[in-house]
Amino acid sequence: MSSFLVRAATALGTGLFATAFANASPSCLRDHTPYKLDFDTIEWSMTIAPGAECIQGLRWSTMQIYWVNVAEQPKGGEVVIVGSGFRYIAKPDFSGPDKFTLTVVGKNRRTEGASTVEVTVSRSTAQVVATATRAR
């Protein structure tokens with residue numbers, strides 16, 4: 001293991017990495033600008049209906065992902081690491097807002113590094129209206 005990976009693992013701590021199989025889902029992320037793997041922190045926002053799920057990849061074209069870690073778990077749902085991406089599953093009674101944090105470690109072109117991705121989750125009003133209409 002390279003000395004960078006040893007330092008990154010020490011700095012990030014050890015954790016359990018869960019994986020799951022993923023099915024396609026509609027785009028639920030808004031404002032998801034690329035991170036740089038330059039020890040940067042970026043903020044993404046997500047809109048989701050109660051009981052729904054969002055699957056999002058984390059790899060950009062010039063990057064190689066070594067691992068992804070859930071640094072902060074959400075309170076209104078669950079995050080599962082899926083390969084070099086994640087799946088967020090909102091609880092059936094999700095009313096928002098929610099937040100979780102991911103740490104991504106890898107290589108961007110020739111430079112190894114890490115990024116912190118902070119994701120804020122809000123309840124989708126469009127899907128809530130559709131759910132309320134169906135219930136009548």
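Is at least one residue of region 58-72 touching a Ser or Thr at 6+ places or on another chain (Cβ under 7 Å), within 15 Å of Leu29 (Cα to Cα) and modelled with pLDDT under 95? The answer is yes; a qualifying residue exists. For region 32-47, taking the residues that are polar (S, T, N, Q) and under 13 Å from Lys99 (Cα atoms), the one that is most open to solvent (accessible area, probe 1.4 Å) is identified as Thr47. Just one residue in the set Thr14, Thr10 is in a loop (DSSP other than H, G, I, E, B), at pLDDT below 90 and open to solvent by 40 Å² or more (accessible area, probe 1.4 Å); that residue is Thr14. Going by the conditions given, is Leu29 crowded, with 16+ Cβ neighbours inside 10 Å, modelled with pLDDT under 95, hydrophobic (A, V, I, L, M, F, W, C) and within 13 Å of Val117 (Cα to Cα)? No: the conditions fail for Leu29. Of all residues in region 32-73, those satisfying the criterion of being among the hydrophobic types (A, V, I, L, M, F, W, C) and under 16 Å from Ser115 (Cα atoms) are Leu37, Phe39, Ile42, Trp44, Leu58, Trp60, Met63, Ile65, Trp67, Val68, Val70, Ala71. For region 75-115, the candidate set comprises residues that are farther than 27 Å from Pro50 by Cβ and among the hydroxyl-bearing types (Ser, Thr, Tyr); within that set, the residue that is most open to solvent (accessible area, probe 1.4 Å) is Thr111.
The values are calculated or read from the model by the stated rules, or taken from the named source; none is laboratory data. All values derive from a computational prediction rather than experimental measurement. All Cβ positions, even for glycine, are placed from backbone atoms using ideal geometry, and neighbour counts span all protein chains on display. To get the accessible areas, we keep the full protein, side chains included, count just its heavy atoms, and leave off ligands, DNA and RNA. Shrake-Rupley method; radii C 1.70, N 1.55, O 1.52, S 1.80 Å.
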